[in-house]
Amino acid sequence: MIPGLTSDEARDLVLSVGLGTRRNSRRVLSPVEVAELVQKAREAGATNKQLTERCLLETDTIFSRFLRLLRLAPEARHLVTFGRQVGSLSFTQAMEISALDGHDVQNQLVDRALSDGINKEELRAVCQLIKRSGATVEDAAD
């Protein structure tokens, strides 16, 4: 059992992030839903060790990556998926965007990423430009 989660929530969490789910379609939660359950469990006292063991993972580093998604602009969260799909943001893309300060900037970059089909490597470079030089989304993306 995972503190703070119902048995259904714990099952869904394991199916969505547990060992072996990377290449299959058994994921029942979106990355943001996973982040919300991880946060809920942590608030109830769950440790990284408990989460790691229950999800059959080797390390707990993935949980901090999921939690970063909760800094993403709420308007963009429904767009986050596992893998790359048309009209959506991959988990990695969303994680990169969530590191930017300000939801307005994040929303601008989400719009630009979707309209221009910016891949995760390009998006990482755009985010670095924005963070390091203070460039606007338009200038950095161009």
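Brief remarks on what is shown
- Filter pass, residue 58 being at pLDDT 95 or above and open to solvent by 60 Å² or more (accessible area, probe 1.4 Å): no
- The stretch 109-124, subset part of a helix (DSSP H, G or I) and within 11 Å of residue 140 (Cβ to Cβ), residue most open to solvent (accessible area, probe 1.4 Å): 122
- Residues that are under 30 Å from residue 132 (Cα atoms) and free of Cβ contacts under 8 Å to residues at least 60 places away in the same chain number at least 3 in the following helices (runs of 4 or more DSSP H) confined to the stretch 1-108: 31-43, 61-68, 91-98.
- Residue in the stretch 75-90 that is aliphatic (A, V, I, L, M), more than 29 Å from residue 1 (Cα to Cα) and open to solvent by less than 20 Å² (accessible area, probe 1.4 Å) present: yes
Okay, residues lined up against (1) more than 29 Å from residue 7 (Cα to Cα); (2) of a type in the set (D, E, K, R):
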site: 52; (1), (2): no, no
site: 111; (1), (2): yes, yes
site: 124; (1), (2): yes, yes
site: 136; (1), (2): yes, no
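The values are calculated or read from the model by the stated rules, or taken from the named source; none is laboratory data. Just so it is clear, the structure is predicted and the values come from calculations on it, not from any experiment. Positions of Cβ are backbone-derived with ideal geometry, glycine not excepted, and every protein chain shown enters the neighbour counts. Just the protein is used for accessible areas: all its heavy atoms, side chains included, with ligands, DNA and RNA removed. Shrake-Rupley method; radii C 1.70, N 1.55, O 1.52, S 1.80 Å.
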